[in-house]
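A short reminder: the numbers here are calculations on the coordinates, not readings from a lab. These numbers were taken from a predicted model, which means no experiment stands behind them.
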Amino acid sequence: MKHLISLFDLTKNDVDEILKIAFDIKKLHQKGERPSHLQNRLLTQIFDKPSLRTRTSFEASMVQLGGFSAFMTSAEAGLQGRESLPDVSRVLSSYSDAIVIRTFSHELIENFAKYSTSPVINGLSDDKHPCQALTDLFTMIELFGPLKNQHLVYIGDGNNVAASLVIICTMYDLPVTICTPIGYELDPKFLKEFKSHYSKSKLNVTHDVNEAVKNADVIYTDVWASMGQEEEKEKRAKIFAPYQINKKLMEAAPSDCRFLHCLPARRDLEVTDDVMESDQSDVFLQAENRMHLAKGVLTWLINHNK
Ligand code: CP
Ligand code: NVA
């Protein structure tokens with residue numbers, strides 16, 4: 001059974017196939033066509049954290065491809081003590097053609113997948129956000145054409161989004177810089193796992209923002225306090241202030257550099273309004289692409305596991 005819990009689950013060839021389906025479906029969508037690739041299929045989504053893009057883009061994808069989607073929290077599914085995880089997983093996967101899970105613990109998603117007879121997709125865990133990074137690669141290909149050494153510079157917290165960007169860039173042999181405050185670097189456990197999958201990479205880690213943006217083709221940021229870290233918000237706002245993406249920092253980067261953000265954005269914390277709304281910002285294209293990519297992932301995974 002093929003799942004998408006981490007980008008380590010996919011080969012470059014798998015990602016090429018997913019991207020091709022997503023590009024084809026986006027082209028059809030722009031012509032007003034909605035192919036019935038997932039007719040009579042059911043996607044179940046279990047979410048323990050808020051979501052605008054992930055939840056709705058997967059729901060829209062199912063409806064537009066001829067299928068359906070059901071939504072529940074893990075408590076509603078019975079995962080908070082009503083029933084054992086192996087039982088919930090076996091029952092739910094017998095009804096569903098795919099299951100998206102957004103929760104805190106990455107291990108919970110991995111455990112769920114062990115018992116699932118349908119593909120499981122990580123809709124964000126504390127550790128990883130693979131569907132976001134796949135979308136970001138898709139968006140970069142739209143912006144630049146076939147990718148060749150485009151440099152993605154991520155500035156902010158060394159979090160789930162940063163980790164997934166490191167994997168996707170390395171898979172495509174792209175240079176990637178992760179620039180964080182001291183103490184907020186990529187998780188050493190992640191780096192160990194990363195090195196066990198990729199012996200060579202063009203990963204550069206730094207704390208110096210001005211140095212980081214010098215040769216950037218894309219500047220990317222995310223919230224400073226992720227879901228589950230709300231109580232650290234004020235402390236982080238002070239520590240991360242020098243890492244804000246503002247006009248001055250964009251001026252220190254090449255003039256044709258693009259700006260991406262997975263959203264939601266905390267305007268005037270990690271990014272200023274003038275950057276979000278500037279001609280260099282592609283954040284709403286990126287958000288729309290979550291849906292085209294979700295269609296690619298669902299179609300590929302469900303057909304792959306037939
Ligand atoms: N980027 C992203 O995952 O957005 P949501 O949290 O709204 O799903
Ligand atoms: N790092 C953020 C991403 C939100 C899409 C979080 O986990 O809350």
> What's the long-distance tail for region 1-98, i.e. % of Cα pairs beyond 18 Å?
Replying inline: 59 percent
>> Given contacts defined as C-alpha pairs under 8 Å and at least six residues apart, what's the relative contact order of the chain, whole-number percent?
In response: 20 percent
>> When a/c reaches 1.5 or more, the comparison of a/b and b/c decides; with that in mind, is region 194-261 rounded, prolate or oblate per its Cα gyration tensor?
In response: oblate
> Where a Cα-Cα gap under 18 Å defines reach, which lysines qualify for LYS233, not counting those fewer than 8 residues away within the same chain?
Replying inline: LYS49
> What lysines could a cross-link reach from LYS27, if we take a straight Cα to Cα line under 18 Å and drop same-chain neighbours fewer than 8 places away?
Replying inline: LYS295
> If the viscosity is 1.306 mPa s and the temperature 10 °C, what translational diffusion coefficient in µm²/s does Stokes-Einstein give for the chain when Rh comes from Kirkwood over Cα pairs?
Replying inline: 81 µm²/s
>> Which aspartates and glutamates, if any, have their Cα less than 19 Å from the Cα of LYS200, not counting same-chain residues under 8 positions apart?
In response: ASP9, ASP173, ASP187
